[in-house]
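Following: one structure in structure tokens, then a few remarks.
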There are 2 protein chains.
Amino acid sequence: ATVPSFFGNSTDYFKLLDQNENTLLIGARNAVYNITIDQLVELHGQRISWPSSDAHRELCTLKGKHDQDCQNYIRVYARVNANRIMICGTNSFKPLCRYYNVLPGNGSVVYDNNELEAQGRCPYNPQHNSTYVYTDGQLYSATVADFSGADALIYREPQRTEQFDSKQLNQPAFVSAIEYNGYVMFFYREVAMEYMNCGKAIYSRVSRVCKNDKGGPYPFQDKWTSFLKARLNCSIPGEYPFYFDELQATTNAISGTYGGMRNKIIYGIMTTPENAIGGSAVCAFSVEDIMEAFEGPFKAQRDIHSNWLQVPPSSVPEPRPGKCVDDSRTLPKALVNFVKTNNLMDNSVPSLHSRPVFTRVSLYYRLSAIAVDPQVKALDGNRYDVIFVGTNDGKVIKFVNILSANSSDDVRTVVISETQAFPPGTKINEMTISKKNAALIVISSGKIISLPLHNCNEHTFKTCRKCLDLQDPYCAWDDANRDCKPIEDVHASGASIDQFYQRLDGERIGEICRKYDHQEPTVHTYEDNDVYTRVDGSGAVEKPDKSFDQRNVLIVHSNHGTVSSVGPEDIDNEISMSSVEGDELANRIINTHQYHHKPGKFRDGVSSRYRVYFATGKNYTVICSWCG
Amino acid sequence: ATVPSFFGNSTDYFKLLDQNENTLLIGARNAVYNITIDQLVELHGQRISWPSSDAHRELCTLKGKHDQDCQNYIRVYARVNANRIMICGTNSFKPLCRYYNVLPGNGSVVYDNNELEAQGRCPYNPQHNSTYVYTDGQLYSATVADFSGADALIYREPQRTEQFDSKQLNQPAFVSAIEYNGYVMFFYREVAMEYMNCGKAIYSRVSRVCKNDKGGPYPFQDKWTSFLKARLNCSIPGEYPFYFDELQATTNAISGTYGGMRNKIIYGIMTTPENAIGGSAVCAFSVEDIMEAFEGPFKAQRDIHSNWLQVPPSSVPEPRPGKCVDDSRTLPKALVNFVKTNNLMDNSVPSLHSRPVFTRVSLYYRLSAIAVDPQVKALDGNRYDVIFVGTNDGKVIKFVNILSANSSDDVRTVVISETQAFPPGTKINEMTISKKNAALIVISSGKIISLPLHNCNEHTFKTCRKCLDLQDPYCAWDDANRDCKPIEDVHASGASIDQFYQRLDGERIGEICRKYDHQEPTVHTYEDNDVYTRVDGSGAVEKPDKSFDQRNVLIVHSNHGTVSSVGPEDIDNEISMSSVEGDELANRIINTHQYHHKPGKFRDGVSSRYRVYFATGKNYTVICSWCG
């Protein structure tokens, strides 16, 4: 019932900076922690401590910021080369970067006394929605460049977006950035200029700059000549499509086979506005579709009272605005001017399948984080993206679109599990997957925990029905050995797949497992309202587990509470059993209590009836696998 | 457990045409039913039968309509004068009106062989969202004037809205119409022209015409010169307001005191779009605010590529367009032309309190009908509108905004009850209140039932706590007589209100009722999962009811199921009791089973304990009011 965890304070504002096979680098308050993935323990001697100087902290306080914010939150990390790293921190609202040399051997780092201003590279406020990507020796950042947080920008020294130009960036909340094929793409949400006449709304965007953008001719030498943006369309189709308009998180680009075609896609979490009925969706966008939008028509407003309309193709100058060119400094001024004011594409980027792969409506939470284990090979050889989403209420939901491999226009999503990873009320900020440890790392502001990617090995699922009911591509039922096997073991074993079963669609499970019917446990789930509940359970006898010395075992799973007594109906002596109270990790991670009866009380193959009494608790699951 | 009901077929498309103290007139398939309100039985000899002629039915079938639609659904009723009525029906997609003479005496009617075309007065399709109001001897209708349903119009002979002019009416679904102060107002939803540049959306509207509109100068003699419309704004306030944009139903105008001021208001049900997450709201609009919007600036689009903007006041001609004038035929042509294309107001009509009085989010249903018992006088002398809303899933929700009397900007809504009036899946189309019978009449396509306005007299609420917990302005706890009394009895009795309690805010109830604590029944509600449930109930003895001949009574309330046995713990003989299985009217209407113990088994004032066993059912409520 305990999972690996790393606890800080909620004011640590943990941020995942980097990850390798064995460790995570976590940016935090005045420090970078180096944490092992398997047990989530900090590596001794590998911490980078970097508090703000007293002078900076005092200045920050003088400017009216709280003590808590007048700290150095490390937000940016870049591996400059094999021997050198750069990190940047908010440094008490005066962002700075530092270089460290990596020592050969144990990989510990030493500050090289090289410090530089990080304005435009690193946010002032640790909670600002900033992002960056480091590629080809350069940092592409999307953040704010001033103390007040008003001067949002996309920046790679020396080019930036126009300052205070709401047609380029309009109160953006940056989400992620990726490098792709000579471009850097940024994902964010912002106030939609083109919607202004219809009210006020936030739209999701992808924007793109060329890596070889050198700025324009005077006076544009410090400005992007290639900045374009397009709306991300995550909606339920219909005559009146329903939009999920506010991007909250994305994955990196994932390569895979979708609808029978090789493709590169990005999953994004999009939600309804804060003031609206709480709805969240996961949409997939193909990189091709994004690029196509950038090749399409532009959208512009002729004058302040005009509609936002498609720019006629005849009005678009040559070379095409936003296209990468050898030396952008030689571009005609008119073209640079065009792209400065006409940077919005008329077409939005459609989502793969033209609909979300997952939606969730709740009054109590929205989705806030996503991690994908890409292209997990299922028993049938098809590959599926196993998607984990986190909520701002501490939940992790795991699902698969079981049509993804073959269908390009239809979606059939199977929710495999929902786990309360953190106490309700805790927002999951980030998630990442470690294939080596088969672990999902779940990160909140002050806590990190590791969950297993699957539960095939849990006792609960060690029956044919339970194993197949998971509908989990990670798990297959081993008919020969009567075991729920992790799929990688199945593939690795080289055994014929004919001896295994997996039903992602949840169909025919009864038929497949019928032969186990008389051997499988009878399972009841009860709601208990603080009263005694009498349960009549019955089942068939399975062979007693030898390891329990021929004793019969009644296994009781409960989330919390007390099992008051267990005994066959004809036996008076009822024996008390207690379970741990208040297991916060609920759902999948449940306590297992094994009650060992005295030998002889249960008889092989002889049917009898039992009563089980419970008190004070909820949602008991009773598996009478050994009920006579 | 049975409520008065009147059953037809779902293809009757029941429509409430008129109502007096004792009867309802219901338009249906080929008939008008005259139904008593108290028992919902049809009055013999009062039915108006009017099937379509064979010729009309055949023509309808030839045009490709189903047999079911080739019938005469009566949709319009008007009391022309004391001796004459007019009714109109779809008449197999060829609408007709007929006049009937009302016989003195029993009020039965005789067809006077006077028939006229009803094009523009009555819909072709019985399910079309049409409405009308009959006032000053004239029928103001809002419907469609053609077989295909494309030619929507607002019509009073000979004036109509412009044909196929999407700036006047754009695929409207009409909801209701009321007469007010020289105007007729129509409430409806339609595709919002002014939103076209931002996508496609439906907005709610109120529009207005002058009753004395005589049409304009040539060529406008058959057109309204006074048609204006405004958006109805039912939204949750915020930087990004959340709109409920689709009007589904309204009440008539209600006069009352709201926020300390006399006002005339209309309640409307507004929902999110069909394809969106299901959300519904009830908003109140004051007639004053509606009129104010019509006095405000106009909104127009200069050309097809322009934004919809406020028309500068200097561009608005005199006399003010849409104002009622003595003879509209003498208006300047330019002014009539202005109002033809500039009929949308720039300001939308805000809702009272600037927010809904009730909202509900559900994946399974939306609100579809509303009825209000206006200005019910509560114990404290304040008057509250008791609001009943019906859902498209057969539910009736009753609530009160307990701040309405005194606050103009805040809302505190108390839900008093939720009743499953019809089987899930049945849409409630209309509701109306009969004060005389203290009944709520609930109308679906093929069924009508009558529910009590309140449940104060139900046994369940005959305790201090239960009575006050209702938070129902209709009910007060009579401290002197230990009874939950209907408020009209309290007011009528002339007794000092000091001996009564009512807590609409739900506060201090424990304190007020503490003195009854040891005398009040202990109530448990249990979930039963098809297993035996042991209940330990205990309570104090009250005096046995003399009418039961000194026998002790255990009263068991259950929705359905079987009570297997009841008996004191120390008595072995357990006695079986059965209740009616499957009561579909659930919630408030519950079966009461009274079990009479043999005298002597229970002893006054002697405390003892009981066990009650249940089987096969759900949600039992056990009141051990007589448990020893």
Within segment B:146-159, considering residues that are surrounded by fewer than 23 Cβ atoms within 10 Å (Cβ to Cβ) and touching a residue at least 40 places away in the same chain (Cβ under 8 Å), the one nearest to B:Ser204 (Cα to Cα): B:Arg156
Search result, residues across segment B:294-351 that are more than 14 Å from chain A (Cβ to nearest Cβ) and of a type in the set (Lys, Arg): B:Arg320, B:Lys323, B:Arg329, B:Lys333, B:Lys340
Every residue from segment B:73-123 that is among the hydroxyl-bearing types (Ser, Thr, Tyr), farther than 16 Å from B:Ser53 by Cβ and outside any strand (DSSP E or B): B:Ser108
Verdict on B:Glu295 being under 38 Å from the mean Cα position of the chain (by Cα), acidic (Asp, Glu) and under 30 Å from B:Val396 (Cα atoms): no
Whichever residue in segment B:3-46 is within 18 Å of the chain's Cα centre (by Cα) and small (Gly, Ala, Ser) and, among such residues, is farthest from B:Val442 (Cα to Cα): B:Gly27
Residue, farthest from the chain's Cα centre (by Cα), within segment B:480-515, restricted to residues that are β-branched (Val, Ile, Thr) and under 24 Å from B:Asn437 (Cα atoms): B:Val490
Test result for B:Lys340, surrounded by 20 or more Cβ atoms within 10 Å (Cβ to Cβ), out of contact with any Cys (no Cβ under 6 Å at 6 or more places or on another chain), of a type outside the set (A, V, I, L, M, F, W, C) and within 30 Å of B:Asp222 (Cβ to Cβ): yes
Candidates A:Gln171, A:Gln221 - the one that is within 22 Å of A:Asp245 (Cβ to Cβ) and surrounded by fewer than 15 Cβ atoms within 10 Å (Cβ to Cβ): A:Gln171
Subset of segment B:365-399 [within 28 Å of B:Gln499 (Cβ to Cβ) and not aliphatic (A, V, I, L, M)]: B:Asp373, B:Pro374, B:Gln375, B:Lys377, B:Asp380, B:Gly381, B:Asn382, B:Arg383, B:Tyr384, B:Asp385, B:Lys398, B:Phe399
Residue that is surrounded by the most Cβ atoms within 10 Å (Cβ to Cβ), among those in segment A:232-278 that are charged (D, E, K, R) and away from chain B (no Cβ under 11 Å): A:Lys264
Candidate set: segment B:176-216, residues that are aliphatic (A, V, I, L, M) and farther than 19 Å from B:Ala78 by Cβ; chosen: the one farthest from the other protein chains (Cβ to nearest Cβ): B:Val206
Strands (runs of 3 or more DSSP E) contained in segment A:1-70 and holding at least 2 residues in contact with a Cys (Cβ under 7 Å, 6 or more places away or on another chain): none
Restricting segment A:17-70 to residues that are of a type in the set (Lys, Arg) and in contact with a Phe, Trp or Tyr (Cβ under 8 Å, 6 or more places away or on another chain), the residue that is farthest from A:Val102 (Cα to Cα): A:Lys63
Test set (1) closer than 20 Å to A:Glu430 by Cα; (2) among the hydrophobic types (A, V, I, L, M, F, W, C); (3) exposed (fewer than 15 other Cβ atoms within 10 Å of the Cβ) - A:Ile74 fails condition number: (3)
Residue in segment B:460-470 that is outside any helix (DSSP H, G or I), within 15 Å of the chain's Cα centre (by Cα) and buried (at least 20 other Cβ atoms within 10 Å of the Cβ) present: no
Breaking point among (1) touching a Pro at 6+ places or on another chain (Cβ under 9 Å); (2) assigned by the TED database to the domain that holds A:Met193; (3) aromatic (Phe, Trp, Tyr), for A:Tyr384: (2)
Residue in segment B:394-414 that is of a type in the set (Asp, Glu), surrounded by 19 or more Cβ atoms within 10 Å (Cβ to Cβ) and not assigned by the TED database to the domain that holds B:Leu352 present: no
Listing of strands (runs of 3 or more DSSP E) fully contained in segment A:310-419 that carry 3 or more residues being farther than 30 Å from A:Glu239 by Cβ: A:367-377, A:383-391, A:395-401
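State whether the residues of segment B:178-187 include one that is touching a Leu at 6+ places or on another chain (Cβ under 9 Å) and either part of a loop (DSSP other than H, G, I, E, B) or buried (at least 17 other Cβ atoms within 10 Å of the Cβ) (or both).
Looking for residues that are touching a Leu at 6+ places or on another chain (Cβ under 9 Å) and either part of a loop (DSSP other than H, G, I, E, B) or buried (at least 17 other Cβ atoms within 10 Å of the Cβ) (or both), one finds at least one in segment B:178-187, hence yes.
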Residue within segment B:293-300 that is assigned to a strand (DSSP E or B), at pLDDT 95 or above and of a type in the set (Asp, Glu) present: no
Of all residues making up segment A:279-292, the number that are more than 12 Å from every other protein chain (Cβ to nearest Cβ) and either in a strand (DSSP E or B) or of a type in the set (A, V, I, L, M) (or both): 8
Any hit, segment B:196-210, residues being touching a residue at least 24 places away in the same chain (Cβ under 8 Å), more than 21 Å from B:Glu274 (Cβ to Cβ), part of a strand (DSSP E or B) and in contact with a Cys (Cβ under 6 Å, 6 or more places away or on another chain): yes
Residue check, A:Tyr188 free of Cβ contacts under 8 Å to residues at least 60 places away in the same chain and over 24 Å from the mean Cα position of the chain (by Cα): no
Failed item, numbered, when A:Tyr243 is tested on (1) within 28 Å of the chain's Cα centre (by Cα); (2) over 28 Å from A:Asn429 (Cβ atoms); (3) not hydrophobic (A, V, I, L, M, F, W, C): (2)
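The values are calculated or read from the model by the stated rules, or taken from the named source; none is laboratory data. Please read these numbers as outputs of a predicted model, since none were measured by experiment. Note that we place each Cβ from the backbone using ideal geometry, even for glycine, and neighbour counts take in every protein chain shown.
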